[in-house]
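Visitor: Sending over a structure as structure tokens; questions will come in a sec.
The values are calculated or read from the model by the stated rules, or taken from the named source; none is laboratory data. Everything numeric here is computed off the predicted structure, so don't read it as measured data. Ideal geometry is used to build each Cβ from the backbone, glycine not excepted, and the neighbour counts take in all protein chains shown. Only protein heavy atoms, including side chains, enter the accessible area calculation; ligands, DNA and RNA are left aside. Shrake-Rupley method; radii C 1.70, N 1.55, O 1.52, S 1.80 Å.
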Amino acid sequence: MEREMNKIVIVKRKTRLQELVCQYNTVEQAKFYIEHMGVDFSDYIVEDRNYQAALKQVTDIAERFARVQVIEREFVPNMLFGGRDIVIAVGQDGLVANVMKYLDGQPLVGVNPDTNRWDGVLLAYEAGQLSGLLPRIIAGKYHAKEITMAQALTRDGQKMLAVNDLFIGCQTHTSARYEVTWNGKNENQSSSGIIISTGLGATGWYKSVMAQANRMAAIFHCGQIRQEPLSWEADSLTFVVREAYPSRATQADLIYGKIDRGDDFRVVSKMPARGVVFSDGIEEDAITFNSGTEITVQIADKKGCLVI
């Protein structure tokens, strides 16, 4: 078959069993540790077996249509993707989000390796379905959603993209101190940090914060908090401040709102140390957010392309 793409890139992730083996050197030692803690080790075995079987099936199918490159998730930030590559993420929803922000319009396919284990909001396909899907992608006859992403920018040129959400705050459980500006309004805050969510990320961290707010409203007989859900492609973000603390020096009014394209949303750190900005739950890849650092949050110009 003639192929017009450069290659098919399959992104995999380590299973819990593989991570344990990395830590304890052998399966036997990992089993001893887990069972010593009173946990059923067989679940780790089953999860790994199902994942490896799905990964092999995906690889075998992909090799029928193009040259294939399989990479670990941690190497994605340094991967040079070709303009015509097709990318397949085999794993959980978080893997799809983590891969998407490093692409530039290439079609991304999420494969659910274990439908009995993972809900897979972003995992539209099972491994066997790729036989029919890949020829359609090669021919350009496929459906995809444009996914809005957020971006955080610093004055010195650092940039971070987020598919689900950005977190601005402190890397420990101590309070974050900063000044926030939103469309001409500004205030000093002390909180557990700010979450800025995309429409796609509304089912993640943001959802847990809003669930707590709804439950508190119900306890105090204030009714249900009604919020219009954002579509995945909506040019809008939502910010929510976690546990804002009002005091003589800090306020708690700017705790929720929308950031549309062109809006001004900035945060200036007042923390001498341990301030961070990270995206999609990846704390290891963070921007340092210490005293004087200013972060501007915007809707990213680049959009993700998720095959549905």
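Visitor: In this structure, is V68 at pLDDT 95 or above, surrounded by 15 or more Cβ atoms within 10 Å (Cβ to Cβ) and in contact with a Phe, Trp or Tyr (Cβ under 8 Å, 6 or more places away or on another chain)? Spell out how you get there, then give the answer.
Guide: Details: at pLDDT 95 or above: yes; surrounded by 15 or more Cβ atoms within 10 Å (Cβ to Cβ): yes; in contact with a Phe, Trp or Tyr (Cβ under 8 Å, 6 or more places away or on another chain): no.
Criteria not met by V68.
Visitor: What is the one condition in (1) in contact with a strand residue (DSSP E or B) (Cβ under 7 Å, 6 or more places away or on another chain); (2) over 27 Å from I225 (Cβ atoms); (3) open to solvent by 40 Å² or more (accessible area, probe 1.4 Å) that R248 does not satisfy?
Guide: Tallying (1) in contact with a strand residue (DSSP E or B) (Cβ under 7 Å, 6 or more places away or on another chain); (2) over 27 Å from I225 (Cβ atoms); (3) open to solvent by 40 Å² or more (accessible area, probe 1.4 Å), R248 fails exactly one: (1).
Visitor: Of all residues in the stretch 80-102, which are open to solvent by less than 10 Å² (accessible area, probe 1.4 Å) and either part of a helix (DSSP H, G or I) or at pLDDT below 90 (or both)?
Guide: L95, V96, A97, V99, M100
Visitor: For the stretch 55-104, give me the residue count where each residue is closer than 19 Å to K303 by Cβ and among the basic types (K, R).
Guide: 2
Visitor: Go through the stretch 166-239 and tell me which strands (runs of 3 or more DSSP E), entirely inside it, have 1 or more residues that are of a type in the set (A, V, I, L, M) and closer than 25 Å to I282 by Cβ.
Guide: On the way: elements: 176-182, 185-191, 194-197.
Because the criterion is at least 1 residues that are of a type in the set (A, V, I, L, M) and closer than 25 Å to I282 by Cβ, the strands (runs of 3 or more DSSP E) in the stretch 166-239 that meet it are 176-182, 194-197.
Visitor: Looking at the stretch 216-240, which of its residues are among the charged types (D, E, K, R) and surrounded by 12 or more Cβ atoms within 10 Å (Cβ to Cβ)? First the steps, then the outcome.
Guide: Filtering the stretch 216-240 for residues among the charged types (D, E, K, R) gives 226, 228, 233, 235.
If the condition is that a residue be among the charged types (D, E, K, R) and surrounded by 12 or more Cβ atoms within 10 Å (Cβ to Cβ), then E233, D235 are the ones that fit.
Visitor: Which one is farthest from S247 (Cα to Cα), of the residues in the stretch 171-186 that are of a type outside the set (G, A, S) and open to solvent by less than 10 Å² (accessible area, probe 1.4 Å)? Show your work before the answer.
Guide: Filtering the stretch 171-186 down to residues of a type outside the set (G, A, S) leaves 171-174, 177-183, 185-186.
Of the ones still in play, those that are also open to solvent by less than 10 Å² (accessible area, probe 1.4 Å) are 178, 180.
Details: Y178: 14, V180: 16 Å.
Looking at residues that are of a type outside the set (G, A, S) and open to solvent by less than 10 Å² (accessible area, probe 1.4 Å), I get V180.
Visitor: Give me a count of the residues in the stretch 34-63 that are more than 22 Å from L17 (Cβ to Cβ) and in contact with a helix residue (DSSP H, G or I) (Cβ under 8 Å, 6 or more places away or on another chain).
Guide: Matching residues across the stretch 34-63 total 2.
Visitor: Does the stretch 260-308 hold any residues that are in contact (Cβ under 8 Å) with a residue 40 or more places away in the chain, of a type in the set (G, A, S) and either farther than 15 Å from T172 by Cβ or surrounded by fewer than 20 Cβ atoms within 10 Å (Cβ to Cβ) (or both), and which are they?
Guide: Correct list: S279, G281, A286, A300, G304.
Visitor: Across the stretch 1-17, what is the total count of residues that are at pLDDT 90 or above, open to solvent by less than 70 Å² (accessible area, probe 1.4 Å) and in contact with a helix residue (DSSP H, G or I) (Cβ under 7 Å, 6 or more places away or on another chain)?
Guide: 7
Visitor: How about the stretch 222-239: which of its residues are modelled with pLDDT of 85 or more and over 21 Å from the mean Cα position of the chain (by Cα)? Explain how you work it out, then say what you get.
Guide: Let us first name the residues in the stretch 222-239 that are modelled with pLDDT of 85 or more, namely 222, 231-239.
Once the filter is applied, which keeps residues that are modelled with pLDDT of 85 or more and over 21 Å from the mean Cα position of the chain (by Cα), the stretch 222-239 yields only C222.
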